[in-house]
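Chemist: Sharing a structure below in structure tokens format, with a few things to ask.
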2 protein chains.
Amino acid sequence: METDFEKPYVIGLDMGGTNSIFGIVDQRGTIKAQTAIKTRAYPDVKDYVKAAAEALQPALDVVGGIGQVKGMGIGAPNGNFYTGTIESAANLVWSGTVPIAELFEEELGVPVRVTNDANAAAMGEMTYGVARGMKNFIMITLGTGVGSGIVVDGKIVYGSDGFAGELGHFVIDHSPAGRPCGCGRKGCLETYCSATGVARTARERLANCDTPSLLRKIKPEDLTSLDVYQAAEAGDPVAIEIFEWTGEILGRSCADFATFNTPEAFVFFGGLTKAGDYLMAPLRKAFEENILYVFRGKTKLLVSSLNGSEAAVLGASALGWE
Amino acid sequence: METDFEKPYVIGLDMGGTNSIFGIVDQRGTIKAQTAIKTRAYPDVKDYVKAAAEALQPALDVVGGIGQVKGMGIGAPNGNFYTGTIESAANLVWSGTVPIAELFEEELGVPVRVTNDANAAAMGEMTYGVARGMKNFIMITLGTGVGSGIVVDGKIVYGSDGFAGELGHFVIDHSPAGRPCGCGRKGCLETYCSATGVARTARERLANCDTPSLLRKIKPEDLTSLDVYQAAEAGDPVAIEIFEWTGEILGRSCADFATFNTPEAFVFFGGLTKAGDYLMAPLRKAFEENILYVFRGKTKLLVSSLNGSEAAVLGASALGWE
């Protein structure tokens, strides 16, 4: 990547439904200054952009002003790289198509790029993280949902419409038993391998077996993937088996995904990766058992090394160097 | 694509285990001259290349000699674009790694590119066929096996190792009931949706039901996908149902594949596409029923318009323009 030494910083914006977090980032991926505003507080997106610019000013002063900034990257729900817009994002207060890149370009006077959270995460890993130097890899984010960012020849795959890389909505169970997904269909990967998927698996297992488990102390509707992890840490066999089942599904799915672009690596990020080897050991085993023989031994299975709370801002900022 | 008007032709080589077919092709995809040699007749690849050059001479004379040729493209089993080699191809007489591009470059004095058959087919559709002008599409070849060529941003996805785009080996049935595949695993797409997969489905259906069928006149071990097509044409309900089942599997698999690069189109090619709407109607229906809502209506499902017997040579030749 070309870096402009006249302008050694970029702005990253991690836009969530509730909060918008801004960071000023240098070439090494160090956040030099940070600020935040409430996304929901601005029903008119123009007010949001003005408020953002005001909030950014003290952070920009730390690095010598906007003249030191090469560009800005935004990771936003339904962010479209091609158009620079956010399109019908259910979690945001603005309806329809929002020309967010254009609005920030006018306000700040620097180039602005937009993409969704998982693609931003992939950019972050490629620019500052474990995927540095890789030309072909697949980022898998394991949070409330499952997101993905696919990198081919050093570039994010945006596809024909700007929304490519939705492996969380790959259907892994086409049978009527496939779990209902928020997308309106059934059996999507994210209904099994997200944090909410793990909690759901826990509720199902506990209802369908009599094995004693620490998880039975928690009301089923309150169960989270963190509870399952803590129970696994305490040696709970049901909890351990839940992660084994989840890792197996994710591992064999990744083996299938490898047929697309034979990635050098899969990089996993998000809350569920905190489960460590409870998840990653069965994932690795299933991947090796299911990978096409000609691809065997070619693919690394890595966990993101970026600081969780900084990763989203760093990922978004990476777009600013483009 | 830049075309070199000083050198208005390319050579395409469709290399099979038995025959090698060469064509001299112009920018419009017209084969101006053609020749062939027996692949198997040359246990030493150097003899093969010499024989090929000799056989090509009269064809080259038709277009004014090798000076009129910009480059050569080869579609070969296990052809690796990155290295210009053929690697351990089970169907070829040469074992190990064969530096086929280098050998032809030395013999002919023009640049030579190699890839596998399905990627060559995708190049052919992009250069001369129904995918002209498309930047993101997926080619699916339905022959003895199922091959694929994935195009992102106008370029074939070769992946980290040169062998990417193996969607025929995407596992669509991870259960123990998944059909054994030639790759050594079970449940690969190609065990269901190739010509041999359709013949196998026919044998299974006939063994497991009592419905009268024209297909019962044929010895099970002699059944082919062509027999199933001819029976469907004659109104045979078992044959029609076989294509419906096959089309449904392929359609929902393509809906899943679309999450990778949201292609403008899937382009289907190969013997099985001769089944026409017996296959394509259920395929389209399953695709529309299974596609992620945000991708709905964005993807065309097309059948190759290239002449079947010329398509492989044209596809290979398209690499010669690069």
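Chemist: State whether the residues of region A:204-227 include one that is crowded, with 24+ Cβ neighbours inside 10 Å and more than 22 Å from the chain's Cα centre (by Cα).
Modeler: Keep residues of region A:204-227 that are crowded, with 24+ Cβ neighbours inside 10 Å, which gives A:225.
Filter again for more than 22 Å from the chain's Cα centre (by Cα), leaving none.
Within region A:204-227 (the criterion being crowded, with 24+ Cβ neighbours inside 10 Å and more than 22 Å from the chain's Cα centre (by Cα)), the answer is no, since none of the residues qualifies.
Chemist: Does B:THR85 satisfy the condition of being surrounded by fewer than 17 Cβ atoms within 10 Å (Cβ to Cβ), among the β-branched types (Val, Ile, Thr) and either out of contact with any Gly (no Cβ under 7 Å at 6 or more places or on another chain) or within 11 Å of chain A (Cβ to nearest Cβ) (or both)?
Modeler: Details: surrounded by fewer than 17 Cβ atoms within 10 Å (Cβ to Cβ): no; among the β-branched types (Val, Ile, Thr): yes; either out of contact with any Gly (no Cβ under 7 Å at 6 or more places or on another chain) or within 11 Å of chain A (Cβ to nearest Cβ) (or both): yes.
Taking the combined requirement at face value, the residue does not satisfy it.
Chemist: Report yes if some residue within region B:44-53 is modelled with pLDDT of 95 or more, buried (at least 19 other Cβ atoms within 10 Å of the Cβ) and within 14 Å of B:GLY320 (Cβ to Cβ); otherwise report no.
Modeler: No, that holds for no residue.
Chemist: Against the definition (within 30 Å of B:THR262 (Cβ to Cβ) and hydroxyl-bearing (Ser, Thr, Tyr)), how does A:SER309 come out, yes or no?
Modeler: So A:SER309 fails the test.
Chemist: Out of A:MET72, A:MET123, report the one residue that is under 14 Å from the mean Cα position of the chain (by Cα), at pLDDT 95 or above and buried (at least 19 other Cβ atoms within 10 Å of the Cβ).
Modeler: Just one listed residue meets the conditions, A:MET123.
Chemist: If you scan region A:258-270, which residues turn out to be aromatic (Phe, Trp, Tyr) and assigned to a helix (DSSP H, G or I)? Break it down into steps so the answer makes sense when it comes.
Modeler: Narrowing region A:258-270 to residues aromatic (Phe, Trp, Tyr): A:260, A:266, A:268-269.
The one that is aromatic (Phe, Trp, Tyr) and assigned to a helix (DSSP H, G or I): A:PHE260.
Chemist: If you don't mind, there's one more thing I want to ask. Can you tell me which residue is modelled with the lowest pLDDT among those in region B:274-288 that are part of a helix (DSSP H, G or I) and not aliphatic (A, V, I, L, M)?
Modeler: B:LYS274
Chemist: Among the strands (runs of 3 or more DSSP E) lying completely within region A:1-110, list those that include at least 3 residues that are touching a helix residue (DSSP H, G or I) at 6+ places or on another chain (Cβ under 7 Å).
Modeler: In region A:1-110, the matching strands (runs of 3 or more DSSP E) lie at A:9-15, A:19-25, A:31-38, A:69-75.
Chemist: Another question, if that's okay. Does B:PRO220 qualify as being touching a helix residue (DSSP H, G or I) at 6+ places or on another chain (Cβ under 7 Å), closer than 18 Å to B:ARG203 by Cα and in the same structural domain as B:GLY149 (by TED's automatic domain parsing)?
Modeler: Values: touching a helix residue (DSSP H, G or I) at 6+ places or on another chain (Cβ under 7 Å): yes; closer than 18 Å to B:ARG203 by Cα: yes; in the same structural domain as B:GLY149 (by TED's automatic domain parsing): yes.
Yes; evaluated as a whole, the condition is true for this residue.
Chemist: Going through region B:289-312 one residue at a time, which ones are away from chain A (no Cβ under 14 Å), surrounded by 15 or more Cβ atoms within 10 Å (Cβ to Cβ) and modelled with pLDDT under 95?
Modeler: Scanning region B:289-312 gives B:LEU306, B:GLU310, B:ALA311, B:ALA312.
Chemist: Additional query: Restricting to region A:248-288, and then to whatever is on the phi < 0 side of the Ramachandran plot, of a type in the set (Val, Ile, Thr) and touching a residue at least 60 places away in the same chain (Cβ under 8 Å), can you tell me which residue is nearest to the other protein chains (Cβ to nearest Cβ)?
Modeler: That would be A:ILE249.
Chemist: Let me spell it out: the conditions are (1) out of contact with any His (no Cβ under 9 Å at 6 or more places or on another chain); (2) without any contact (Cβ under 8 Å) to a residue 60 or more places away in the chain, and A:LEU167 meets all of them except one. Which number is the exception?
Modeler: Here A:LEU167 meets the rest and fails (2).
Chemist: Of the conditions (1) at pLDDT 95 or above; (2) within 14 Å of chain A (Cβ to nearest Cβ), B:ILE218 clears all except one; give me its number.
Modeler: (2)
Chemist: Could you tell me which numbered condition B:THR191 fails, if it satisfies all but one of (1) more than 7 Å from chain A (Cβ to nearest Cβ); (2) touching a residue at least 60 places away in the same chain (Cβ under 8 Å); (3) buried (at least 24 other Cβ atoms within 10 Å of the Cβ)?
Modeler: Every condition holds for B:THR191 apart from (2).
Chemist: Which residues, counting only those in region A:111-139, are closer than 20 Å to A:GLU87 by Cβ and part of a strand (DSSP E or B)?
Modeler: Listed by number, the residues that qualify are A:VAL112, A:ARG113, A:VAL114, A:THR115.
Chemist: Here are the criteria: (1) under 24 Å from A:ILE150 (Cα atoms); (2) within 14 Å of chain B (Cβ to nearest Cβ); (3) of a type outside the set (Gly, Ala, Ser); (4) surrounded by fewer than 18 Cβ atoms within 10 Å (Cβ to Cβ). Tell me which single one A:TRP245 does not satisfy.
Modeler: For A:TRP245, the exception is condition (1).
Chemist: Still on this structure: So in region A:130-155, with the set limited to residues that are of a type in the set (A, V, I, L, M, F, W, C) and surrounded by fewer than 24 Cβ atoms within 10 Å (Cβ to Cβ), which one is nearest to the chain's Cα centre (by Cα)?
Modeler: Taking region A:130-155 as the starting set, the residues that turn out to be of a type in the set (A, V, I, L, M, F, W, C) are A:130-131, A:134, A:137-140, A:142, A:146, A:150-152.
Now restrict to residues that are surrounded by fewer than 24 Cβ atoms within 10 Å (Cβ to Cβ): A:130, A:134.
Details: A:VAL130: 15, A:MET134: 18 Å.
Only one residue fits best here, namely A:VAL130.
Chemist: Moving on. State the number of residues belonging to region B:128-177 that are within 8 Å of chain A (Cβ to nearest Cβ) and basic (Lys, Arg).
Modeler: Residues flagged as within 8 Å of chain A (Cβ to nearest Cβ) and basic (Lys, Arg) within region B:128-177 amount to 2.
Chemist: With respect to B:ALA232, is the statement that it is within 14 Å of chain A (Cβ to nearest Cβ), surrounded by 15 or more Cβ atoms within 10 Å (Cβ to Cβ) and touching a Phe, Trp or Tyr at 6+ places or on another chain (Cβ under 6 Å) true?
Modeler: Taking the combined requirement at face value, the residue does not satisfy it.
The values are calculated or read from the model by the stated rules, or taken from the named source; none is laboratory data. Note that the structure is a prediction, hence the values are computed from the model and not measured. As a convention, Cβ positions derive from the backbone with ideal geometry for all residues, glycine included, and neighbour counts pool all protein chains shown.
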